[in-house]
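Report on the structure given below.
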């Protein structure tokens, strides 16, 4: 089943533009077919009591899996009061596909060797997207992009530095978020690599990707990149962030980055939320759609408007002006407003728990298992920056790779917890307990 899981994970990076068939409800892609078919395979294994299916208890990975499944069930239940059944059906379909992938990776990836092969496969597919981004900004060749929207000022031909990488994504923010996940995998494989040429190549890819993030124009992704690098630099120099004067190292690094004019301008654009008197700025529109979302939440008594129904409500019940912007542009509020308070609490409980578990593994295993510690801290850093990065995209439910990436993190923790339980059992038998 590992080979099947490998194909499942790799196919998600083909996007919904490649090898896709249009239907009235949703696009049928290779990834979605493999993901939904995995449910049938898992059901068959459960009915035949396959001993390879192991639910590791206690484990933070299992808790996160169960919380996600509970959230999924609540999201399906919101169809009882969702006003737009078509939108609810589309989002429920995408969420079911994502959950199926998480469950499949959880049960079918059992060893660190399998996990490492899976991470390599993901890295390889994402590397192709990095090179694709460079082809776009170097050759000015865009295969799927809406050029009227992307090059709205018509400067790509005459001013190459204004070109924006996007590949098959709906916008550059979605692409930049994927690049943040890619640099995370670069760090993971760097710690696993034993040959110098492999480490040098991974560092080169890391640097090339940072330029693409800058070129994408995604301001929040750029801040997340700076934060990710800062966290890992401080750890690699074996510094405690909150002891003595060491906190100033991070502050000094951030200030030095602000001295670079292009970076400073993009970061300050995030801080400035006002707009010209003649109209609303993009950030003000986002703030208003967030306010509208909280208003919708109160109108539904905290139950949420229903999966996929935020845009429908924003269209027919506008309150604060958004200039027809209906996407929430905030993953956390999207969960809250769509599926209610209970869903967000479950998600936060799982998310914070996973952060604490990764931080614990990174801290306790630092001397005994250095690779395990470093990989765990890298994923910890990603979860920290994803808190901010997840508010850059219009709709994270449509970003299918993020479900698979979270599945990779969950399976990593599951394997560690399972190995520790096996080791504890052997130790108890050795001493006769």
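Against the condition in contact with a helix residue (DSSP H, G or I) (Cβ under 6 Å, 6 or more places away or on another chain) and modelled with pLDDT under 90, how does residue 59 come out, does it pass? Walk me through it before giving the result.
Values: in contact with a helix residue (DSSP H, G or I) (Cβ under 6 Å, 6 or more places away or on another chain): yes; modelled with pLDDT under 90: yes.
In short, yes.
Which residues, counting only those in region 380-408, are part of a helix (DSSP H, G or I), surrounded by fewer than 21 Cβ atoms within 10 Å (Cβ to Cβ) and over 9 Å from the mean Cα position of the chain (by Cα)? Let's see the steps before the verdict.
Of all residues in region 380-408, those part of a helix (DSSP H, G or I) come to 380-389, 396-398, 401-408.
Right, trim to surrounded by fewer than 21 Cβ atoms within 10 Å (Cβ to Cβ) and you get 383-384, 387-388, 398.
384, 387, 388, 398 - these are the residues of region 380-408 that are part of a helix (DSSP H, G or I), surrounded by fewer than 21 Cβ atoms within 10 Å (Cβ to Cβ) and over 9 Å from the mean Cα position of the chain (by Cα).
Here 211, 169 are screened, and the one residue that is over 30 Å from residue 39 (Cα atoms) and surrounded by 13 or more Cβ atoms within 10 Å (Cβ to Cβ) is 211. Residues that are surrounded by 12 or more Cβ atoms within 10 Å (Cβ to Cβ), touching a helix residue (DSSP H, G or I) at 6+ places or on another chain (Cβ under 8 Å) and over 14 Å from residue 12 (Cα atoms) within region 126-142 comprise 130, 133, 134, 137, 140, 142, listed in sequence order. For region 147-162, the tally of residues that are part of a loop (DSSP other than H, G, I, E, B) and exposed (fewer than 12 other Cβ atoms within 10 Å of the Cβ) stands at 6. Scanning region 352-378 for residues that are within 30 Å of residue 89 (Cα to Cα) and either surrounded by 21 or more Cβ atoms within 10 Å (Cβ to Cβ) or at pLDDT 95 or above (or both) turns up just one, 354. Assess whether residue 344 counts as being touching a helix residue (DSSP H, G or I) at 6+ places or on another chain (Cβ under 8 Å), part of a helix (DSSP H, G or I), at pLDDT 85 or above and over 24 Å from residue 60 (Cα atoms). No; evaluated as a whole, the condition is false for this residue. The set of residues in region 72-88 being exposed (fewer than 15 other Cβ atoms within 10 Å of the Cβ) and more than 26 Å from the chain's Cα centre (by Cα) consists of 80, 81, 83, 85. A count restricted to region 189-222 and to residues that are in a helix (DSSP H, G or I) and within 16 Å of the chain's Cα centre (by Cα) stands at 4. Could you say whether any residue in region 327-337 is over 19 Å from the mean Cα position of the chain (by Cα), surrounded by 24 or more Cβ atoms within 10 Å (Cβ to Cβ) and in a helix (DSSP H, G or I)? So far as region 327-337 goes, yes, one or more of its residues are over 19 Å from the mean Cα position of the chain (by Cα), surrounded by 24 or more Cβ atoms within 10 Å (Cβ to Cβ) and in a helix (DSSP H, G or I).
Within region 113-125, identify whether any single residue is within 22 Å of the chain's Cα centre (by Cα), exposed (fewer than 13 other Cβ atoms within 10 Å of the Cβ), modelled with pLDDT of 90 or more and over 30 Å from residue 297 (Cβ atoms), and answer yes or no. Yes.
The values are calculated or read from the model by the stated rules, or taken from the named source; none is laboratory data. Every value quoted in this text rests on a predicted model; they were computed, and no experiment measured them. Note: ideal-geometry Cβ built from the backbone for every residue, glycine included; neighbour counts use all protein chains shown.
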